[in-house]
Amino acid sequence: MVKVVVCGAAGGIGQPLSLLLKQSDLITHLALYDIVNAPGVAADLSHINTLSRVTGHGKDSLAEALKDAHTVVIPAGVPRKPGMTRDDLFKVNASIVRDLAEGCAQYCPKAFILVISNPVNSTVPIVCEVLKKARVFDPRRIFGVTTLDVVRSSTFLHQIKPAFVPHANRITVVGGHSGATIVPLLSQITQKDVSLTPEEIKTLTHRIQFGGDEVVKAKDGAGSATLSMAYAGARFTTSLLEASVRGRKGLVESTYVHLGGNPGAEANIAATGLAYFAQDVELGPEGVAKVLALPKLSAEEQAQVKIAIGELKGNIAKGVSFIVDIPAKL
């Protein structure tokens, strides 16, 4: 029995994410939680002819939703609007993520937790600090989903270099999940017939870093990246299930994790001086099987990582402080 819970299942990301997860043959029970409309979304999805059972849970049924969960995916929160940064979302989304993390600590302390809610650079530390307080923290089981940066990287590269096969090649993205903290390692492209000029690298890197702004602007106040984020979230969830349920080996994804206590993370702790960082991670039965060391970076990438580290220090401190320095709920 593999129960996957989507918290925020009736939202702009939650609905298409739940639709994609309903297609997985690795999930036996898909539990949808939201403060409104989750039972309706569940009823709709339950008509799809795949084997997983679907249940809907409202705001008073969080315990029922989370009980016995194998994996909890959290896209809950408010979307970004024109002029907003991911950091602007903190005031609202921090409380939402904290409350859901407290639920996980109580009702499914051994579940894998996949955080999509922005700002990921700060919300992942919130989840970890909540679990630390509850004494159920396992750094191998908490992930910030940065897969959309990876998806955008291969998509945007294909658009300027059609020879690059976007669905067959993965570009490592390190750092974090906002603006200048997103560092695509374009120097690591291994497809021999694809090369980039310095100017192309500069332009492509900027587009990857601020790709979310394209969608926010195009939707003209009606939302942010929901469909592409749902696709990316489903992809990461599926990879984790393949590794943890099916036992598939060698699966690597870029993801934002707590470095301390994770196998292989020592090199990246030394290189960054940070407690949290996005990099390639090999997935396994317990979540993180191994954090892969940063590859040799180009001079430009080294400079970008330095900038990312500076921003991440503040993002991480903000998330940690929200739990450590504010003992009572707002």
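For this structure, a couple of remarks:
- The range 225-266 versus the range 1-30: alpha-carbon centroid distance in Å: 16
- Our summary gives the range 158-260 a relative contact order of 20 percent, counting only alpha carbon pairs under 8 angstrom and 6 or more residues apart.
- Between helix 90-107 and the chain: long-axis angle, C-alpha atoms, 0 to 90°, nearest 10: 60
- Think of the range 169-224 as having a plus end and a minus end, set by charges on the Cβ of Lys, Arg, Asp and Glu; of 195, 175, 216, 175 sits farthest toward the positive end of this dipole.
- For the range 1-105, Kirkwood radius (reciprocal of mean inverse C-alpha pair distance, Å): 13.9
- Of the peptides 179-187, 42-50, the order by per-residue mean of other Cβ atoms within 10 Å, starting with the highest, comes out as 179-187, 42-50.
- The GluC sites (Glu not before Pro) of the range 232-288 that DSSP puts in a loop, and whose beta carbon has at most 14 other beta carbons within 10 Å, are 286.
- For the pair residue 307 and residue 63, label points projected 7 Å from Cα toward Cβ lie 4.9 nm apart.
- Point-charge dipole on Cβ atoms (K/R +1, D/E -1) for the range 236-315, about Cα centre, debye to 20: 120
- Solvent-accessible heavy-atom area per residue, rounded to whole Å², over the range 214-330 at 1.4 Å: 47
- Given charges at beta-carbon only (K, R positive; D, E negative), |dipole| of the chain in Debye: 260
- Carbon and sulfur %, accessible surface of the range 46-86 computed with the full protein complex present, 1.4 Å: 51
- Here the spin labels are modelled as points 7 Å beyond Cα on the Cα-Cβ line, and at residue 191 and residue 317 they lie 4.1 nm apart.
- Residue 165/residue 35 FRET efficiency (R0 35 Å; Cβ-Cβ; nearest 0.05): 0.25
- Formal net charge of residues neighbouring residue 287 (Cβ-Cβ distance under 9 Å; K, R +1; D, E -1): 0
- Three-way shape call for the range 217-330 based on the alpha-carbon gyration tensor, with the a/c threshold at 1.5: rounded
- Cubic angstrom per residue, convex hull over Cα atoms of the chain: 131
- Taking 16 Å as the straight-line reach from the Cα of residue 290, the lysines in range (excluding those fewer than 8 positions away in the same chain) are 249.
- 222 nm mean residue ellipticity, helices alone, for the chain (DSSP H n ≥ 4; -39,500 (n - 2.57); rounded to 500): -13000 deg cm²/dmol
- Carbon/sulfur fraction of accessible area - the range 101-198, other protein chains in place, 1.4 Å, %: 52
- If you sort 84, 229, 1 by accessible surface, 1.4 Å probe, largest first, the order is 1, 84, 229.
- Solvent-accessible area, 1.4 Å probe, carbon plus sulfur percent, for the range 271-330: 60
- Loop-located chymotrypsin sites (Phe, Trp or Tyr not before Pro) in the range 197-283 (DSSP state other than H, G, I, E, B) with a sparse environment of at most 16 neighbouring Cβ atoms within 10 Å: 210.
- The range 122-187: trypsin sites (Lys or Arg not before Pro) in DSSP loop, at most 11 other beta carbons within 10 Å: 135
- For the range 62-140, fraction of C-alpha pairs farther apart than 14 Å, in %: 58
The values are calculated or read from the model by the stated rules, or taken from the named source; none is laboratory data. Just so we're clear, the structure is a prediction, and the values are computed from it rather than from any experiment. When we count neighbours, we look across all protein chains shown, and the Cβ atoms used for this are built from the backbone with ideal geometry, even at glycine. Ligands, DNA and RNA are excluded from the accessible area calculation, which covers all protein heavy atoms including side chains. Shrake-Rupley method; radii C 1.70, N 1.55, O 1.52, S 1.80 Å.
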